[in-house]
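Below: the structure, in C-alpha cells.
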Amino acid sequence: MKVLIVGSNGQLGCELQRTCPSGIKISAKDYPDIDITKDKSLKLVIDKEAPDWIINSAAYTNVDDAEEEPEKAHAVNCEGAKNLACEALRINARLVHISTDFVFNGNNCRPYKPLDPPDPQSVYGKTKLDGESAVLNILKEDALIIRTAWLYSSHGNNFVYTMLRLMKEKKELTIIDDQIGSPTWANGLAKTIWAAMEKGIKGIFHWTDAGVASWYDFAVAIQDEAIDAGILSKRISILPIPTEQYLTQAKRPSFSVLDKRNLLDAAGLSSVHWRIQLRHMIREITH
Ligand SMILES: NC(=O)c1ccc[n+]([C@@H]2O[C@H](COP(=O)([O-])OP(=O)(O)OC[C@H]3O[C@@H](n4cnc5c(N)ncnc54)[C@H](OP(=O)(O)O)[C@@H]3O)[C@@H](O)[C@H]2O)c1
C-alpha cells in the first residue's frame, strides 16, 4: 500500500512518518514540493506518486493570522482540501482529511459528538468547516474526516514549547483557566490515523487524548513534567486568569472537548490520558 502524506513537515505530518506501520510505503510531501492550493501542479504530483491513500495533514493553522488574511486560510483549508478530494476521486484513492474542534462554537456542556451542528466562531474554524464540506461533497460516504484539538509534538511551534521557553525567561506566568479542552500528542493521533486506515473506516470522527484540562492545568502539568525531567531547574508561579484578560485576534471555543466514542468503537482503540502522553513527549525531548 502506498500512502502520500501531505503537510509532512508539520507536527502531525512528522509523527505520521515516525509511526508508519511496516509494509506501508510512504511518500512525504510539504510546501513547496506540493502546493494543495494549485490544482494543476497538484495533479502532476499525484500522478507521479499514484498513492492508494492520501493523508491531508496540511493546513493554514495560524488561528490569529487567519483573521487578517482570510483568503490565504481559505485557499489552504478549503480549496486545498477540495483539490485533494478531487484528486482522490480521480485516481480512486482514499483520503484522510484532518479537521478541528474550532468548527464548534464552544458553548456545549458535554463533549461534542461528530454530528453535532457546527458553528465556527473564527476565520480558521470557518475555513476548516468549509474544507470538511468540500471533502464530503466530493467523496460522499467514502470520506474519512478526523477532527482533533490542542495538538502538540516535539516538532514545530506549540503550547508546550511556548510554555517551556517562557518558564525559562519569566518569574511568573498568567494562563487562561476558563477554556477547556483535551491536550493531544500528535504521536497518538498519528497512530490512530494508521489504525483507522487499516480498518478502512469511513465518516466523521473525533480524536484527542483522554481527559480534559484548562490551558492553566496544562501549563502547570508542563512545568511539573519538565522539572521532573530536568528540562527546567526552577519552579515559577503560574496564575490562572479569565479569557478577557488575554485577548487574541481570533475567538477560541471555551469548551472544545470532543466525544471520540465512535472512533474508539470503529477502530477498536483505547485512548491514553493527556498527562501520560505529555510525559512521553517531554521525555522524548530530553533525549
Ligand atoms: N495544531 C493544533 O492545535 C490543531 C488543533 C486541531 C486541529 N488541527 C489540525 O490538525 C492538522 C495538522 O495540524 P498541525 O498542527 O500538524 O499543522 P502544522 O504543524 O501547522 O503543519 C501544517 C503543514 O502544512 C503545510 N502547508 C501549508 N500550506 C500548504 C500548502 N498550500 N500546500 C502544502 N502544504 C501546506 C505547512 O507548511 P508551512 O509551514 O510551510 O506553511 C505545514 O508544514 C491540521 O489539519 C490542523 O488544522 C491542529
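The values are calculated or read from the model by the stated rules, or taken from the named source; none is laboratory data. As the structure is a prediction and not an experimental result, all values here were calculated from the model. In this analysis, Cβ positions are derived from the backbone assuming ideal geometry, glycine residues included, and neighbour counts consider all displayed protein chains. Areas reflect the complete protein model, heavy atoms only, side chains present, ligands, DNA and RNA absent. Shrake-Rupley method; radii C 1.70, N 1.55, O 1.52, S 1.80 Å.
Could you check how many residues of region 219-268 are assigned to a strand (DSSP E or B) and closer than 23 Å to P120 by Cβ? Step through it out loud before you land on a result.
The first filter runs over region 219-268 and keeps only residues assigned to a strand (DSSP E or B), leaving 237-241, 255, 258.
Now narrow it down to the ones that are closer than 23 Å to P120 by Cβ: 255, 258.
Of the residues in region 219-268, 2 are assigned to a strand (DSSP E or B) and closer than 23 Å to P120 by Cβ.
When residues of region 155-175 are filtered for being open to solvent by 20 Å² or more (accessible area, probe 1.4 Å) and modelled with pLDDT of 95 or more, how many remain? Don't jump to the end; show me each part of the working.
Of all residues in region 155-175, those open to solvent by 20 Å² or more (accessible area, probe 1.4 Å) come to 155-157, 159, 161-162, 165-166, 168-172, 174.
Retained after the next criterion (residues that are modelled with pLDDT of 95 or more): 159, 161-162, 165-166, 168-172, 174.
Qualifying residue count, region 155-175: 11.
I need the full set of residues from region 151-180 which are touching a Phe, Trp or Tyr at 6+ places or on another chain (Cβ under 7 Å) and within 9 Å of the ligand (Cβ to nearest atom), in order please.
Y152, S153, N158, F159
Return the only residue of S256, S237 being hydroxyl-bearing (S, T, Y) and either free of Cβ contacts under 8 Å to residues at least 40 places away in the same chain or crowded, with 18+ Cβ neighbours inside 10 Å (or both).
Details: S237 fails: either free of Cβ contacts under 8 Å to residues at least 40 places away in the same chain or crowded, with 18+ Cβ neighbours inside 10 Å (or both).
None of the others qualify; the one that does is S256.
May I ask you to list the residues in region 176-199 that are open to solvent by less than 30 Å² (accessible area, probe 1.4 Å) and either among the aromatic types (F, W, Y) or outside any helix (DSSP H, G or I) (or both)? Outline the logic, then answer.
We begin by selecting, within region 176-199, every residue open to solvent by less than 30 Å² (accessible area, probe 1.4 Å); these are 176, 179, 181-190, 192-197.
Correct list: I176, Q179, G181, S182, P183, T184, W185, W194.
Can you name the residue in region 105-150 that is of a type in the set (D, E), closer than 22 Å to C86 by Cβ and more than 15 Å from the ligand (Cβ to nearest atom) and is also surrounded by the fewest Cβ atoms within 10 Å (Cβ to Cβ) among such residues?
Looking only at region 105-150, we keep the residues that are of a type in the set (D, E), and these are 116, 119, 130, 132, 141-142.
Remaining after also requiring closer than 22 Å to C86 by Cβ: 130, 132, 141-142.
Now restrict to residues that are more than 15 Å from the ligand (Cβ to nearest atom): 141-142.
Values: E141: 7, D142: 17.
This residue is E141.
So which of N77, N83 ends up being of a type outside the set (D, E), buried (at least 16 other Cβ atoms within 10 Å of the Cβ) and near the ligand (Cβ under 8 Å from one of its atoms)? It would help to see each step written out before you state the result.
On the way: N83 fails: near the ligand (Cβ under 8 Å from one of its atoms).
Result of the check over N77, N83: N77.
Quick test of your reading of the structure: A75 fulfils all but one of (1) assigned to a helix (DSSP H, G or I); (2) within 15 Å of R147 (Cα to Cα). Name the failing condition by number.
Of everything listed in (1) assigned to a helix (DSSP H, G or I); (2) within 15 Å of R147 (Cα to Cα), A75 misses just condition (2).
What single numbered condition from (1) closer than 16 Å to A250 by Cβ; (2) over 18 Å from the mean Cα position of the chain (by Cα); (3) among the hydrophobic types (A, V, I, L, M, F, W, C) fails to hold for W150?
Evaluating W150 over (1) closer than 16 Å to A250 by Cβ; (2) over 18 Å from the mean Cα position of the chain (by Cα); (3) among the hydrophobic types (A, V, I, L, M, F, W, C) leaves (2) as the failure.
Assess whether S27 counts as being under 23 Å from I201 (Cβ atoms), away from the ligand (no atom under 11 Å from the Cβ) and modelled with pLDDT of 95 or more. Step through it out loud before you land on a result.
Details: under 23 Å from I201 (Cβ atoms): yes; away from the ligand (no atom under 11 Å from the Cβ): yes; modelled with pLDDT of 95 or more: yes.
Criteria met by S27.
Among the residues of region 156-166, is any farther than 20 Å from I227 by Cα and under 18 Å from the mean Cα position of the chain (by Cα)?
Here is the first cut: in region 156-166, the residues farther than 20 Å from I227 by Cα are 156-157.
Retained after the next criterion (residues that are under 18 Å from the mean Cα position of the chain (by Cα)): 156-157.
Among the residues of region 156-166, at least one is farther than 20 Å from I227 by Cα and under 18 Å from the mean Cα position of the chain (by Cα), which makes the answer yes.
Report, by residue number, each residue of region 4-18 that is near the ligand (Cβ under 8 Å from one of its atoms), touching a helix residue (DSSP H, G or I) at 6+ places or on another chain (Cβ under 6 Å) and either closer than 21 Å to A50 by Cα or not in a helix (DSSP H, G or I) (or both).
The one that is near the ligand (Cβ under 8 Å from one of its atoms), touching a helix residue (DSSP H, G or I) at 6+ places or on another chain (Cβ under 6 Å) and either closer than 21 Å to A50 by Cα or not in a helix (DSSP H, G or I) (or both): G7.
Among the residues of region 5-23, write down those that are in contact (Cβ under 8 Å) with a residue 40 or more places away in the chain and over 24 Å from W150 (Cα atoms).
Scanning region 5-23 gives a single hit, P21.
Matching residues to (1) open to solvent by 30 Å² or more (accessible area, probe 1.4 Å); (2) of a type in the set (V, I, T); (3) within 15 Å of the ligand (Cβ to nearest atom):
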| position | (1), (2), (3) |
| --- | --- |
| K2 | yes, no, no |
| C20 | yes, no, no |
| P32 | yes, no, yes |
| V45 | no, yes, yes |
| W53 | no, no, no |
| T61 | yes, yes, yes |
| A66 | no, no, yes |
| L95 | no, no, yes |
